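Only one structure is covered here, and it is reproduced in the block below.
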Amino acid sequence: MSTNQPTTIFTQSWSLYDLITAYNYMFHQEIYEGVQKLLGLRQDVTRYRLMDLGCGNARFMAPCLLKYPPAYYEGVDLSETALAEAKTYLAPLTCPVKLTHNDLLTSIESTQDQWDIIFSGFAVHHLTPEDKTRFFNAVGRSLSKQGWLILVDVVREEHQDRETYLNHYLQFMRETWTKVPPEQLEEACTHVHDHDYPETFSTLQNMAIAAGLHAQRIISRYGQHYTLLFSPVNLPTI
Ligand SMILES: C[S@@+](CC[C@H](N)C(=O)[O-])C[C@H]1O[C@@H](n2cnc3c(N)ncnc32)[C@H](O)[C@@H]1O
């Protein structure tokens, strides 16, 4: 299978990612429980506007939004397969839902709206360092005054280079993701090897500070899978 683009695996075999998440190999259960709790801390539940960049099929986000409803949700993804599924998972929401087939960086750089929450789950690590900087700058411009960036993503250890990170992560996949059929596991490993460019937390922090997101916090960490919270203003006690 060609892995020319970081999104190829999500456009051609979304079911593989669904399988990985169904076995909770990337800690989606714990992570999205945490995301739900974060949404519950907002003072503007039912009034907040949320943009979900790289929303996939929104399978894990949908229950969070049902529990703490936004006033408006926009999901952005390059995979039409995922977006078609997202429509079904998000159908129970009563707020307006927009699903946009677009590049996440293009979307956030071109939005004219202010967003109370910008969320991205396991997508930003595909961007180059330069594009991650552009991502943070665009988020900084587009967040409302009390806005939050919730970033769920893989993160490198401080002082760990990409090659060492990849060796560890691929070993973790091969040793832990035992219920994924071998051929599909290798497909997933190739995707990670070719397209994953995670940063360290301090690099992400510096990008955020330069973009005016002066408050940053690690909300949770499961192996290399982090939930990070950024804001232009002080964060609540959690
Ligand atoms: C690993 S999935 C994550 C899905 C979901 N957010 C989650 O947390 O499970 C990554 C998603 O990001 C999308 N994606 C990756 N790069 C993208 C880009 N530059 N623009 C839009 N979507 C992108 C992929 O198509 C895929 O649906």
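The values are calculated or read from the model by the stated rules, or taken from the named source; none is laboratory data. In this text the structure is predicted, and so the values were computed from the model without any measurement. Here the Cβ is made from the backbone with ideal geometry for all residues, glycine too, and neighbour counts use every protein chain on show. Protein only, heavy atoms only, side chains kept; ligands, DNA and RNA dropped before computing areas. Shrake-Rupley method; radii C 1.70, N 1.55, O 1.52, S 1.80 Å.
Between Glu130 and Asn102, what length in nm is gained on full extension when 0.36 nm per residue of separation is reduced by their alpha carbon distance?
Full-extension gain reported as 8.2 nm.
Report relative contact order for region 166-238 in percent, whole number only (criteria: Cα-Cα under 8 Å, sequence separation at least 6).
Reported as a whole number, the value is 20 percent.
Before anything else, pin down the relative contact order of the chain: Cα pairs under 8 Å, at least 6 apart, normalised by residue count, whole percent.
Once divided by the residue count of the chain, the mean separation gives 20 percent.
Placing +1 at every Lys and Arg Cβ and -1 at every Asp and Glu Cβ, with all other atoms neutral, what dipole size does the chain have around its Cα centre, in debye to the nearest 20?
So the magnitude is around 960 debye.
Between Gln114 and Thr203, how high is the FRET efficiency from 1/(1 + (r/R0)^6) when r is the Cβ-Cβ distance and R₀ = 30 Å? Nearest 0.05.
Values: r = 26 Å, r/R0 = 0.88.
With a Förster radius of 30 Å, E is 0.70.
So how far apart, in nm, are the two label points at His214 and Asp194 if each is 7 Å from Cα heading toward Cβ?
About 4.4 nm, to one decimal.
Tell me the accessible surface of Asp44 in square angstrom (1.4 angstrom probe, heavy atoms of protein chains only), to the nearest ten.
Surface open to solvent at Asp44 totals about 20 Å².
Taking the simple approach of a point 7 Å from Cα along Cα-to-Cβ for both Glu163 and Ala71, what is their distance in nm?
In this crude spin-label approximation the distance works out to 5.2 nm.
So how exposed is Val139, as accessible area in Å² (1.4 Å probe, rounded to 10)?
0 Å²
Obtain the nm distance between the two label points defined at Asp44 and Val233 by a simple spin-label model: each point lies 7 Å from its Cα along the Cα-to-C-beta direction.
0.9 nm
Of Leu66, Gly54, Val76, which is farthest towards the positive pole of region 48-117's charge dipole, taken about the Cα centre with +1 and -1 on the beta-carbons of Lys, Arg and Asp, Glu respectively?
Leu66
Sequence-distant or interchain residues sharing an amide H contact under 5 Å with Thr100, placed H: which?
Gly75, Val76, Asp77
Could you name the aspartates and glutamates whose alpha carbon sits less than 14 Å from that of Lys67, not counting residues in the same chain fewer than 8 places away?
Cα-Cα hits under 14 Å: Glu33, Asp44.
I'd like the distance separating the alpha-carbon centroids of region 153-214 and region 119-135, in whole Å.
Between the Cα centres of region 153-214 and region 119-135 lies a distance of 12 Å.
I want to verify a result. In a Gaussian network model of the chain, Cα cutoff 10 Å, which of these has the top mean-square fluctuation: Leu65, Leu53, Leu93?
Leu93
At 1.4 Å probe radius, can you tell me the per residue accessible area of the chain in Å²?
Numbers: 10850 Å² over 238 residues.
So the chain comes to 46 Å² accessible per residue, rounded to a whole number.
Hey, can you grab everything whose amide H is under 5 Å from the amide H of Ser220? Only 5+ residues off in sequence or another chain; H modelled, so Pro and N-termini drop out.
It is Thr227, by chain and number.
Suppose only helical runs count, i.e. DSSP H with n ≥ 4. What mean residue ellipticity at 222 nm does that imply for the chain under -39500 (n - 2.57) per run, divided by all residues and rounded to the nearest 500 deg cm²/dmol?
Rounded to the nearest 500, it is -13000 deg cm²/dmol.
Report the convex hull volume per residue for region 9-58, counting only C-alpha atoms, in Å³.
Normalising the Cα hull of region 9-58 by residue number yields 85 Å³.
For an R0 of 35 angstrom, estimate the FRET efficiency from the Cβ-Cβ distance between Thr176 and Ala84 and round to the nearest 0.05.
E between Thr176 and Ala84, to the nearest 0.05, is 0.70.
At a 1.4 Å probe radius, carbon and sulfur cover how many percent of the accessible area of region 51-205?
Carbon with sulfur: 51 percent of the solvent-accessible area.
What residues qualify as long-range amide H neighbours of Ala215, i.e. H under 5 Å apart, gap of 5 or more or another chain, H built at 1.01 Å from N?
The answer is Ser231, Val233.
Compute, for region 134-192, the length of the dipole vector about the Cα centre, with Cβ point charges of +1 (Lys, Arg) and -1 (Asp, Glu) only. Units Debye, rounded to 20.
Its charge dipole is roughly 500 debye.
Evaluate the chain: find the radius of gyration of its Cα atoms, find its Kirkwood radius, and give the ratio Rg to Rh. Before the final figure, lay out each step's value.
Details: Rg = 16.8 Å, Rh = 18.0 Å.
Result for the chain is an Rg/Rh of 0.94.
Name the residue, out of Tyr32, Tyr72, Tyr222, whose mean-square fluctuation peaks in a Gaussian network model built on the chain with Cα pairs under 10 Å.
Tyr222
Per residue, how much space in cubic angstrom lies within the convex hull of the C-alpha atoms of region 106-204?
Normalising the Cα hull of region 106-204 by residue number yields 118 Å³.
Given 37 °C and 0.692 mPa s, how large is the Stokes-Einstein diffusion coefficient of region 129-182 in µm²/s, with Rh as the Kirkwood radius over Cα pairs?
230 µm²/s
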